[in-house]
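To start, the structure itself, in structure tokens.
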Amino acid sequence: MPAHTLPRVLEVALAAPGGRCYRHCERPVRTRRLRSPLPGTWQVRACPAGVVSVVVYTEWVRRDLSQDVLHLLRGHTVPRSLVHARDLRLATRHGPELGTAAERFLARARPRRGIRVVYWRVYPFQGKDGAERRLFVCLRTRHPTPVFFAAPSSATAGDCPSCAAVRRSTPRRARKRR
Ligand SMILES: [Zn+2]
Ligand SMILES: [Zn+2]
């Protein structure tokens with residue numbers, strides 16, 4: 001196992017409770033994994049409509065991961081400019097706050113290091129037309145990676161710009177066969 005892969009005991013300790021979609025639909029938030037070339041663990045927390053509560057990247061290293069996370073998220077976001085460094089927060093989690101099992105594990109581990117966590121949280125903001133926008137995610141597999149985008153509160157993950165681009169470029173007959 002590579003040194004920065006999160007052992008199961010730590011993964012369990014870091015698993016966040018689901019919670020509800022705050023000030024949108026109040027429905028339960030689900031956590032989805034995101035695959036990436038980075039060695040750590042991604043959690044995308046979103047409601048059934050696709051409104052993102054938070055995206056969390058966790059890696060068991062000492063260095064600051066913010067630049068890696070910023071770069072990767074920009075590659076998954078339409079437009080890229082939606083990802084601002086100021087919306088990323090870096091935190092370090094230590095043993096005592098993670099429960100007994102994780103604390104014991106971290107106390108024995110060498111070299112000693114905390115767990116780095118980067119949170120990406122985009123609060124509702126005003127679009128150019130003055131209407132409120134939120135961060136959405138589309139987890140459909142017709143594009144190779146999840147796609148983050150901004151849309152009015154009434155939108156759904158179905159309004160994904162990458163899915164729309166696929167629809168435009170696929171002839172009607174080919175689409176029917178899918
Ligand atoms: Zn919601
Ligand atoms: Zn999509």
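The values are calculated or read from the model by the stated rules, or taken from the named source; none is laboratory data. Please read all numbers here as calculations on a predicted model, not as lab measurements. In this analysis, Cβ positions are derived from the backbone assuming ideal geometry, glycine residues included, and neighbour counts consider all displayed protein chains.
Please verify whether the range 120-136 includes one or more residues that are under 20 Å from Arg63 (Cβ atoms) and more than 16 Å from ligand 1 (Cβ to nearest atom). Yes, the conditions are met somewhere in the range 120-136. Scan the range 13-36 for residues that are away from ligand 1 (no atom under 16 Å from the Cβ) and over 14 Å from the mean Cα position of the chain (by Cα) and the total you get is 3.
Mind listing whichever residues of the range 83-93 are within 21 Å of Thr31 (Cα to Cα), outside any helix (DSSP H, G or I) and of a type outside the set (Val, Ile, Thr)? Those that are within 21 Å of Thr31 (Cα to Cα), outside any helix (DSSP H, G or I) and of a type outside the set (Val, Ile, Thr): Leu88, Arg89, Leu90, Ala91, Arg93. Among the conditions (1) in contact (Cβ under 8 Å) with a residue 60 or more places away in the chain; (2) over 20 Å from Cys163 (Cβ atoms); (3) buried (at least 21 other Cβ atoms within 10 Å of the Cβ); (4) not polar (S, T, N, Q), the only one that Gly50 does not satisfy is (2). Among the criteria (1) over 19 Å from Val12 (Cα atoms); (2) modelled with pLDDT under 95, the one Ala101 does not fulfil is (1).
Scanning the range 20-31 for residues that are surrounded by fewer than 13 Cβ atoms within 10 Å (Cβ to Cβ) and in contact (Cβ under 8 Å) with a residue 12 or more places away in the chain gives Tyr22, Arg23, Arg27, Pro28.
Looking only at the range 14-33, decide whether some residue is within 16 Å of ligand 2 (Cβ to nearest atom) and not aromatic (Phe, Trp, Tyr). Taking every residue of the range 14-33 in turn, at least one turns out to be within 16 Å of ligand 2 (Cβ to nearest atom) and not aromatic (Phe, Trp, Tyr).
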